[in-house]
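Chemist: Mind having a look at this structure? Questions to follow.
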Amino acid sequence: MAPIIRGTRIVHDGWSRFLVAEVTMPDGTRLAREIEDHGRAVAVLPYDPTRRVALLVEQFRTPAFYAAGIASILEAPAGLLDESEPEEGARREAYEETGVRLGALEPVTCGWSMPGISTEQMDLYLAAYEASDRTGRGGGVAGEHEDITVHEIPLAELAARSDRGELTDLKTLALVLTLRLRRPELFAVG
């Protein structure tokens with residue numbers, strides 16, 4: 001017998017919805033579990049294989065500041081999916097946040113970002129670009145108060161940061177490690 005969700009009640013409905021689900025487990029145990037629900041998301045690591053750099057963004061994240069006093073996080077461009085196709089959303093987010101126009105996307109996975117609390121599934125991509133593809137300003141959408149700083153970082157430096165445990169955003173770490181596995185020659189120093 002599988003668990004059964006007997007019902008849910010919404011406790012907050014804003015940018016995200018927060019619900020409490022009443023669950024009956026296979027052994028008959030009844031539980032209440034909180035769920036954060038805001039839909040699908042995308043993230044992409046744009047990288048230039050010729051110059052051996054990647055585009056990352058840095059911005060204030062209220063939860064990280066609240067929990068640990070960290071004012072900003074270095075991360076791959078990402079956001080909630082507004083489009084019907086995740087590839088379209090990844091390209092939109094990359095352009096809004098970094099000013100780069102991406103062509104082909106290389107799928108990494110569609111995974112659960114926090115399966116213990118959230119319904120969010122995130123489609124992860126790698127995407128090669130050239131310097132001439134950076135046609136926009138980046139920085140995020142003004143009306144969303146993102147205040148994003150764009151960083152073009154050498155891939156060898158990203159590898160070193162991941163080895164030192166300095167890439168603290170898990171989607172970004174997963175994307176950097178995937179690129180290192182798929183294209184190790186791009187991370188060679190010198």
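The values are calculated or read from the model by the stated rules, or taken from the named source; none is laboratory data. Computed from a predicted model, the values in this text were never measured in an experiment. Heads up, the Cβs are rebuilt from the backbone with ideal geometry, glycines too, and the neighbour counts pull from every protein chain shown.
Chemist: Scan the range 137-150 for residues that are in contact with a helix residue (DSSP H, G or I) (Cβ under 9 Å, 6 or more places away or on another chain) and assigned to a loop (DSSP other than H, G, I, E, B) and jot them down.
Modeler: Gly138, Gly139, Gly140, Val141, Glu146, Ile148
Chemist: Given the range 1-97, what strands (runs of 3 or more DSSP E) lie entirely inside it while holding 1 or more residues that are under 30 Å from Leu158 (Cβ atoms)?
Modeler: Qualifying strands (runs of 3 or more DSSP E): 30-37, 41-48, 53-59, 73-75, 78-80.
Chemist: Report whether or not Thr149 is within 26 Å of Gly39 (Cα to Cα) and among the polar types (S, T, N, Q).
Modeler: Considered against the rule, which asks whether it is within 26 Å of Gly39 (Cα to Cα) and among the polar types (S, T, N, Q), Thr149 comes out as yes.
Chemist: Would it be correct to say that Thr168 is in a loop (DSSP other than H, G, I, E, B), in contact (Cβ under 8 Å) with a residue 24 or more places away in the chain and in contact with a strand residue (DSSP E or B) (Cβ under 7 Å, 6 or more places away or on another chain)?
Modeler: yes
Chemist: Continuing with this model, one more query. Which of the residues that make up the range 114-136 are crowded, with 21+ Cβ neighbours inside 10 Å, under 30 Å from Ala32 (Cα atoms) and either of a type in the set (Asp, Glu) or out of contact with any helix residue (DSSP H, G or I) (no Cβ under 7 Å at 6 or more places or on another chain) (or both)?
Modeler: Residue satisfying the conditions is Asp123 alone.
Chemist: Which of (1) touching a Leu at 6+ places or on another chain (Cβ under 8 Å); (2) surrounded by 18 or more Cβ atoms within 10 Å (Cβ to Cβ); (3) assigned to a helix (DSSP H, G or I) is the odd one out, the single condition Val108 does not satisfy?
Modeler: All conditions are met except number (3).
Chemist: For the range 99-113, enumerate the residues that are within 21 Å of Glu36 (Cβ to Cβ) and at pLDDT 95 or above.
Modeler: Within the range 99-113, Thr109, Cys110, Gly111, Trp112 meet the criteria.
Chemist: Give the residue that is surrounded by the most Cβ atoms within 10 Å (Cβ to Cβ), with candidates limited to residues of the range 141-155 that are in contact (Cβ under 8 Å) with a residue 40 or more places away in the chain and not charged (D, E, K, R).
Modeler: Leu155
Chemist: If you check Ala54, Ala68, Ala43, Ala64, which single one turns out to be out of contact with any strand residue (DSSP E or B) (no Cβ under 7 Å at 6 or more places or on another chain), aliphatic (A, V, I, L, M) and assigned by TED's automatic domain parsing to the domain that holds Ala156?
Modeler: It is Ala68.
Chemist: Same structure, new question: Quick test for you: out of Tyr47, Tyr66, pick the one residue that is farther than 30 Å from Thr8 by Cα and of a type in the set (Ser, Thr, Tyr).
Modeler: Tyr47
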